[in-house]
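Taking it in order: structure first as structure tokens, then the write-up.
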Amino acid sequence: MNGICEVTFQPYGKRLSVESGLTILDVARRIGVDITSLCAGKGTCGKCKVKVEFGSENVEPITQKEMKHLSREEVNEGYRIACLTRILGKMIISVPERSRVGKQRLQTEGLEIPIVLDPSTKKYFIDVPRATLNDPRSDEERLLQSLIDRYGLRDLTIDYEAARQLPVSLRKENGRVTVVVWNDQRIMAIEPGDTSQRCYGFAVDIGSTKLAGFLIDLNNGKVMATAARMNPQIPYGEDIISRINYSMAGQDKLEELQEAVIDGINDLINQCCESAKIRPEEIYDSSFVGNTCMHHLFLGLTPKHVALSPYVPAIKRGVQIQAAKLSSLNTYKYGRVYVAPVIGGFVGGDSVADIMVADMLTSGETILDIDIGTNTEIALGNKEKVTICSCASGPAFEGMHIKHGMRAATGAIERISIDPETHELSFRTIDDALPVGICGSGLIDLLAELLKAGIMDCKGKLLDKQIPPQLLRRGTDGIAFVIVPQKTSGIDTDIVVTESDIRELQLAKAAIHTGASIMMIRMGLSLNDISKLIIAGAFGNYIDPESARTIGMYPEVALDKISFVGNSAGTGSRMMLTSKECKIYADRIAEEVHYLELAIQPEFIEEYAKSMFFPYMDLDKYPITKELLTRLNRSRDSLEGVGFVS
Ligand code: FES
């Protein structure tokens, strides 16, 4: 080995020749590759994991210090701790998603799925001959014939509202008009001149907690602007059942909830239109996906029966209506609104979108798809059969009901690590601001790190004897672990996690794990049958898959089988807006996917109780985590009573 080594970082394709002896993190910094380094390279946080793809013989052997942060599985796959690994020769290093920094915090992003652009709504520019004494055909007849001659559109009829625009529009630009056509059947607008380049749609994901909107250019399918905001229905109840109860108090209450969500959507429309410099009236088509309750409230349908056994929705198939039917919606009044189909009372259009994005109905591989939210939907299967269930996981991972919990906003602690031996704590906040609270991804990291450091046991109990005195607080709600002392926090108090916070998170993770576990039992599948674990949902995009697995949020799937698709409800809504085929696929999903009612499954209570443990009562189902905890000597003090003996 000479003194110069060539180092390549993937997936960036960046390459640099450096003197040997530098750490991987040193080289990454030199070349501008961002690797998470919460402890600034001291080797205590373990967050700077990278994979040596080529040249493993050209690094120093793995040390005990590194082993503290790596599972056996990771060691076998070639993972190293970047700040502790010195480079001695040529190598190729890949930086996994979870070790990269700088992800956007705009929680609307989702995958771009390639589709054939074929929106229901299109514009056609046409030059219509003038009426003369020799050709006294009506305006309608001349227009329709011109559209047949030029575009072959034979089955068109004109909406009443468009017919009213026709005589004026035709004469304003000497017969040059642009017609807006829905489904090659209905003309919904007639505009003077050539406006064919300005044809827009709006796709919305109506979440119980958050609304996300996407302004789309229907001529090319591109996203022109996105916006997100809280659902204005939240003051009526954080959970769906409270909102259903409110809506049942009378027609006016139902309308109030409908107006609230439409107001929120209008806000998104206005934000997007302003940023893209278009007028809301230029939005001719829109697409909405949401859980069944949101679907009903948006359409003004009573969701009462969704909440009552046997939990049936009023409408299941996709709905296509004129925007004017939702009178306050701020788009072209006589444009179209599409609302995605639902699968059942507790599984709505957002799940249809998840399954569409994962393309589960045509997949030869068995996919476990988890969309984490206040309600978490879990789909499992392949082209033979797909089953779905819904779990009430609650809003704890969104920071609600957690003492210092908060949403993923500036100042939220989003990554956290605790050195298993020294208990030195490192963290990263969003925008590198002073810490003001902790968001979902930080909470999941925190639980995993407390467990690995032996500060919390498998039942979620904080072990006060293991907590350094300066990090221990006692209050009316029991003991708490200090994440950030007041003097370095951005608020006037310590940022802590209490045992009751842990309890809330434990309930949430247990709900998700129980759902996944029962689905596997019912479908007769084992862990080895699962080829892919897809985590959907805007929040899911930010969690560390290893931390989530360590706490037992889902079964112990190999990390390389886990992928993130972000806000797939939003992605699905965009797909349905821009492709008629996707609307047909959506109806097929709603028809063919089987719904599993978790609560009536005989294993439910037992499985839920077992899932309350971190990661799970039977550690043999978590061999990787078991091995890691054993190596960290967590067998006796923190795992007692779990049937785990080293
Ligand atoms: S930066 Fe490498 S362990 Fe923290």
Q. Between Ala163 and Val312, 0.36 nm times their residue separation minus their Cα-Cα distance comes to what?
A. 49.7 nm
Q) Using Cα pairs under 8 angstrom and six or more residues apart, how large is the relative contact order of region 1-85, in percent? A) 28
Q: Hey, can you grab everything whose amide H is under 5 Å from the amide H of Gly454? Only 5+ residues off in sequence or another chain; H modelled, so Pro and N-termini drop out.
A: none
**Q.** Ordering of 327-337, 522-532 by packing [mean C-beta count within 10 Å, highest first]
**A.** 327-337, 522-532
Q: Put one equal scatterer on each alpha carbon of region 444-487, apply the Debye formula with no solvent term, and list log10 I(q)/I(0) at q = 0.14 1/Å to two decimals.
A: -0.31
**Q.** Heavy-atom surface of region 327-470, accessible at 1.4 Å and reported per residue (Å²)
**A.** 29
Q) Could you give the angle, 0 to 90 degrees to the nearest 10, between helix 499-522's Cα long axis and the longest principal axis of the Cα atoms of the chain? A) 70
Q. What's the center-to-center distance, using Cα atoms, between region 544-595 and region 131-189 in Å?
A. 42
Q | Karplus 3J(HN,Hα) series, Hz, for region 477-486 with 6.51 cos²θ - 1.76 cosθ + 1.60 (x for Gly, Pro) | A | 9, x, 8, 9, 9, 7, 8, 9, x, 3
Q: Return one whole number: the accessible area per residue of region 472-554 in Å², for a 1.4 Å probe.
A: 32
Q) Farthest toward the dipole's positive end in the chain, which of Leu143, Leu211, Ile4, given Cβ charges of +1 (Lys, Arg) and -1 (Asp, Glu) about the Cα centre? A) Ile4
(Q) For a 29 Å ceiling on Cα separation, which of these pairs sit above it: Lys304/Lys561; Lys210/Lys532; Lys277/Lys325; Lys277/Lys580; Lys65/Lys561? (A) Lys304/Lys561
Q. For the Cα atoms of the chain, what angle does the longest principal axis make with the long axis of helix 580-592, in degrees from 0 to 90, nearest 10?
A. 60
Q. Which value, in Å² and to the nearest 10, is the accessible area of Met224 when all protein chains are kept and the probe is 1.4 Å?
A. 70
Q: On the protein heavy atoms, probe 1.4 angstrom, tell me the percent of accessible surface of the chain carried by carbon and sulfur.
A: 50
Q: Please list the non-local residues whose amide H lies under 5 Å from the amide H of Arg415, H modeled 1.01 Å from N, same-chain partners needing a gap of 5 or more.
A: Arg428
Q: Quickly estimate the mean residue ellipticity at 222 nm for the chain, helices only: each DSSP H run with n ≥ 4 gives -39500 (n - 2.57), and the total goes over all residues, rounded to 500.
A: -8500 deg cm²/dmol
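To the nearest 0.05, how large is the calculated FRET efficiency for Leu525 and Glu581 if R₀ is 22 Å and r is the Cβ-Cβ distance?
0.15
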Q: Report the FRET efficiency, 1/(1 + (r/R0)^6), for Arg279 and Lys304, where r is their Cβ-Cβ distance and R0 is 30 Å, rounded to 0.05.
A: 0.20
Q: Report relative contact order for region 307-353 in percent, whole number only (criteria: Cα-Cα under 8 Å, sequence separation at least 6).
A: 38
Q. Can you give the translational diffusion coefficient of the chain in µm²/s, computed by Stokes-Einstein from the Kirkwood radius over Cα pairs at 10 °C and 1.306 mPa s?
A. 59
Q. Taking Cα pairs under 8 Å and at least six residues apart, what relative contact order does the chain come out at, in percent?
A. 13
Q: Mind listing the long-range amide H neighbours of Ser20? Cut-off is under 5 Å, sequence gap 5 or more, other chains count too, H placed in the peptide plane at 1.01 Å from N.
A: Ile4, Cys5
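Which value in Å is the Kirkwood Rh of region 349-494 over different Cα pairs? Please list the in-between numbers first.
On the way: mean 1/r = 0.0575 Å⁻¹.
Kirkwood hydrodynamic radius for region 349-494: 17.4 Å.
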Q: May I ask you to evaluate 6.51 cos²θ - 1.76 cosθ + 1.60, the Karplus curve with θ = phi - 60°, for each residue of region 341-346 and list the ³J(HN,Hα) values in order in whole Hz, giving x for glycine and proline?
A: x, 10, 8, x, x, 10
Q. What ranking, highest mean first, results for peptides 30-39, 471-480 when packing means the other Cβ atoms within 10 Å averaged over each residue?
A. 30-39, 471-480
Q: Can you tell me which of 624-630, 142-148, 609-615, 282-288 comes out highest on packing, and rank the rest after it, using the mean Cβ neighbours within 10 Å?
A: 282-288, 609-615, 624-630, 142-148
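The values are calculated or read from the model by the stated rules, or taken from the named source; none is laboratory data. What you see is a predicted model, and the numbers here were worked out from it, not measured in a lab. Glycine gets a Cβ as well: all are built from the backbone with ideal geometry, and neighbour counts include every protein chain shown. Ligands, DNA and RNA are excluded from the accessible area calculation, which covers all protein heavy atoms including side chains. Shrake-Rupley method; radii C 1.70, N 1.55, O 1.52, S 1.80 Å.
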